[in-house]
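Peer 1: Quick one: the structure is below, questions incoming.
The values are calculated or read from the model by the stated rules, or taken from the named source; none is laboratory data. All figures in this text were calculated on a predicted structure; none of them were measured in a lab. A quick note on method: Cβ atoms are made from the backbone with ideal geometry, for glycine too, and the neighbour counts reach across all protein chains shown. Keep in mind that these areas ignore ligands, DNA and RNA; they rest on the heavy atoms of the full protein, side chains included. Shrake-Rupley method; radii C 1.70, N 1.55, O 1.52, S 1.80 Å.
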Amino acid sequence: PALEGLSMLVASTPGLEHCEASLRALMQDIVASPSETLLGLLVAVQDLRFEDRVAFAEACYSSLEGQMSQLLDWAESQMSASTPMPAEHAAVTCDGCGIYPLRGLRFKCTEC
């Protein structure tokens with residue numbers, strides 16, 4: 001579904017129409033290299049005027065926002081089930097007492 005929406009958006013965006021054929025081929029598994037298809041689209045987007053690039057990026061986000069929200073909700077549900085790993089900030093020193101390395105999600109040691 002995401003590629004179909006992207007393909008329709010590309011087809012309706014002046015300056016990107018030539019990328020639609022390679023996206024359609026990618027959806028049908030005819031393309032040997034998906035990365036070449038993506039690179040071709042990115043180069044074409046780069047060649048657009050700045051305002052057109054911004055409009056295209058906004059349209060892409062709008063068309064994928066629902067799917068991205070679902071994916072992020074799923075990822076968040078998976079992360080809450082996992083055990084958090086303690087972070088160690090080797091190059092960070094406590095502002096209050098100078099202890100290092102700091103461990104955990106903090107900007108100061110547990111004493112300060």
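Peer 1: Before we move on, is P14 assigned to a loop (DSSP other than H, G, I, E, B), modelled with pLDDT under 90 and surrounded by fewer than 12 Cβ atoms within 10 Å (Cβ to Cβ)?
Peer 2: Criteria not met by P14.
Peer 1: Next question. Answer yes or no as to whether L26 is under 16 Å from the mean Cα position of the chain (by Cα), within 11 Å of L3 (Cβ to Cβ) and at pLDDT below 95.
Peer 2: Values: under 16 Å from the mean Cα position of the chain (by Cα): no; within 11 Å of L3 (Cβ to Cβ): yes; at pLDDT below 95: yes.
Criteria not met by L26.
Peer 1: Pull out all pairs, ordered by first then second residue, where Cβ-Cβ is under 8 Å, the residues are six or more apart or on different chains, the first lies in region 25-41 and is free of Cβ contacts under 8 Å to residues at least 24 places away in the same chain, and the second is surrounded by 11 or more Cβ atoms within 10 Å (Cβ to Cβ) and in a loop (DSSP other than H, G, I, E, B).
Peer 2: A25/V31; T37/V31
Peer 1: Would you say P1 is surrounded by fewer than 13 Cβ atoms within 10 Å (Cβ to Cβ), modelled with pLDDT under 90 and touching a strand residue (DSSP E or B) at 6+ places or on another chain (Cβ under 8 Å)? Explain how you work it out, then say what you get.
Peer 2: Numbers: surrounded by fewer than 13 Cβ atoms within 10 Å (Cβ to Cβ): yes; modelled with pLDDT under 90: yes; touching a strand residue (DSSP E or B) at 6+ places or on another chain (Cβ under 8 Å): no.
For P1, the condition - surrounded by fewer than 13 Cβ atoms within 10 Å (Cβ to Cβ), modelled with pLDDT under 90 and touching a strand residue (DSSP E or B) at 6+ places or on another chain (Cβ under 8 Å) - is not met.
Peer 1: Please verify whether L9 is modelled with pLDDT of 85 or more, surrounded by 12 or more Cβ atoms within 10 Å (Cβ to Cβ) and outside any helix (DSSP H, G or I), treating the condition exactly as stated.
Peer 2: Numbers: modelled with pLDDT of 85 or more: yes; surrounded by 12 or more Cβ atoms within 10 Å (Cβ to Cβ): yes; outside any helix (DSSP H, G or I): no.
It is false that L9 is modelled with pLDDT of 85 or more, surrounded by 12 or more Cβ atoms within 10 Å (Cβ to Cβ) and outside any helix (DSSP H, G or I).
Peer 1: Please enumerate the residues belonging to region 93-112 that are open to solvent by 60 Å² or more (accessible area, probe 1.4 Å) and either at pLDDT 75 or above or not hydroxyl-bearing (S, T, Y) (or both). Don't jump to the end; show me each part of the working.
Peer 2: Of all residues in region 93-112, those open to solvent by 60 Å² or more (accessible area, probe 1.4 Å) come to 93, 95, 97, 99-100, 103, 105-108, 110-112.
Within region 93-112, T93, D95, C97, I99, Y100, R103, L105, R106, F107, K108, E111, C112 meet the criteria.
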